[in-house]
Structure formats: structure tokens, C-alpha cells
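The structure under discussion appears below in the form of C-alpha cells.
The values are calculated or read from the model by the stated rules, or taken from the named source; none is laboratory data. Computed from a predicted model, the values in this text were never measured in an experiment. In this analysis, Cβ positions are derived from the backbone assuming ideal geometry, glycine residues included, and neighbour counts consider all displayed protein chains.
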Amino acid sequence: TLGNIRKTKPGTLRLAVVTTSKYFIPHLLGPFCEQFPDVDIQLNIGNREKTIERMKQGIDDFYVFSHPPQDIDVQSLEFLDNPLVAIAHQDHPLGKRKSISLADLCDEPFLMREKGSGTRYAIEELFKKHDLKPNIKMTIESNEAIKHAVMSKLGITIISAHTLTYGGQSGLIRLPVKELPIDSHWFFLWPTSKRPTLIASAFLKHIETNGRKLLQNELDRSALD
Ligand code: PGA
């Protein structure tokens, strides 16, 4: 039973998550580890492509994606919104405009994530749908480096609002682009074939009962308006 987890050395919870979820996954783990202090955690962070690779190898208990792959036999739990929003430096001229269109963004140098990134995939789909192309000035393999490049006025970007939570928005503004946000969502995935460990079941329960509420509140409170 779950109560027994507290009494015996219960082992390890293995998670493989996409880079954009690293802003909130530790905030899920905090309260979980307080409840189960003997559980060890292995947290692997990679982009969408790398995380899919790990899932194919069946290494971990849970995987986190906003664009889960369709061709692998897994169960999933949708647990959180993942709005993708446009951001600029607070002095950027577009910041003065009340309404901006996606076409307006194409005139600006755009900072784009690397191939294999789920964020990039979602942005490309949106531009394609509107028959537009972003003016990609830099390709950068990190949300953090992209944010710092925006702070340093190298360009604008579309990024998950989660990267702006927990105090991460300094010097940035959100642009009111009509076609945004991209409304995606976060999912926990786990293999159908593998019987969840007791720890994994306890973790899933933690997400469903407290975790998702905690994260959604932080997102609603601190994402830029
Ligand atoms: P990324 O993933 O970190 O690969 O961009 C985010 C996502 O899957 O939406």
C-alpha cells in the first residue's frame, strides 16, 4: 500500500521531461518529496525528440510532453495548460501597440528553438496555418538563452508562458498578438506495458490531487498580461 512507502526504502522515481517543462516539474517534486522523503528522483531533461527516444527505450516511469508522439502505446494524463505567447524587450516599439497580428511578427528578427523542439514544432504549425514565415535570425537550443537574447534586444520570440513563471519575466513584455496564444497542454505519459511501481502510482495521485492545481495557479498568477 502507499503507506508502506514511508516505512521501507522505496526506490526511485524516474522522469524524462521536455526542456520546457523544467520550469514547473521541480515544483511538483517539492511537495511530493516532502510527503515521501525516502524516494530518490532521477530527472532527465531533453528536447522533444530526445525524450521520445528515451520513451521508445522504456527507461523511465513517466514522460512529460506537450505534443505527445502518436505512434507509441502509452497511457496519458492531461494535467496543465501550456500557452505559447509572444514576448519582446520591454522597450520594443511593438509593445506600444494595442493589437498585433502574426504577420507583424514576421517583420521582426525571430529567435527560434532548434529542430526537434516541441515549441518549434508548434510555432511552425501556426505560421504554416496562416501562410506566413517567421524571419529567423537565430536558432538557439535553450529557452533560457532565447529569453536572454530577447532581453538583449536581439529579437522577439514565441515561448511557453511557463518560462515566465516563478519570477522569470524580468525586463520582458508579452505582445498582444491576435493569433496567440497557441493553446497547447501538458501531458504525463507512461507505458501501457509496464506495471507502475508504488512510487509511480503515488506520484500520479499527487499530480491529480494537488500538483496540477498548484502549477495552474502559478501559471495564472505570474504569466505576463
Ligand atoms: P521543447 O518541448 O522543450 O522540446 O520545445 C516543449 C514541447 O514539447 O512543447
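Remark: Leu94 falls outside the filter, which requires a residue to be under 22 Å from Gly168 (Cα atoms) and in a strand (DSSP E or B).
Within the set Asp61, Asp38, the sole residue that is over 20 Å from Ser117 (Cβ atoms), more than 16 Å from the ligand (Cβ to nearest atom), surrounded by 14 or more Cβ atoms within 10 Å (Cβ to Cβ) and of a type in the set (Asp, Glu) turns out to be Asp61. Quick one: is Leu43 within 16 Å of the ligand (Cβ to nearest atom), at pLDDT 95 or above and either touching a Phe, Trp or Tyr at 6+ places or on another chain (Cβ under 6 Å) or not in a loop (DSSP other than H, G, I, E, B) (or both)? Against the criterion (within 16 Å of the ligand (Cβ to nearest atom), at pLDDT 95 or above and either touching a Phe, Trp or Tyr at 6+ places or on another chain (Cβ under 6 Å) or not in a loop (DSSP other than H, G, I, E, B) (or both)), Leu43 qualifies.
For segment 110-139, the candidate set comprises residues that are part of a loop (DSSP other than H, G, I, E, B) and of a type in the set (Gly, Ala, Ser); within that set, the residue that is farthest from Ile158 (Cα to Cα) is Gly116.
When Ser193, Ser170 are checked against the criterion of being in contact (Cβ under 8 Å) with a residue 60 or more places away in the chain, part of a loop (DSSP other than H, G, I, E, B), surrounded by fewer than 14 Cβ atoms within 10 Å (Cβ to Cβ) and at negative phi, a single residue qualifies: Ser193.
Taken over segment 46-58, the criterion of being polar (S, T, N, Q) and away from the ligand (no atom under 12 Å from the Cβ) is satisfied by Gln57 alone.
Within segment 143-164, not a single residue is assigned to a loop (DSSP other than H, G, I, E, B) and within 19 Å of the chain's Cα centre (by Cα).
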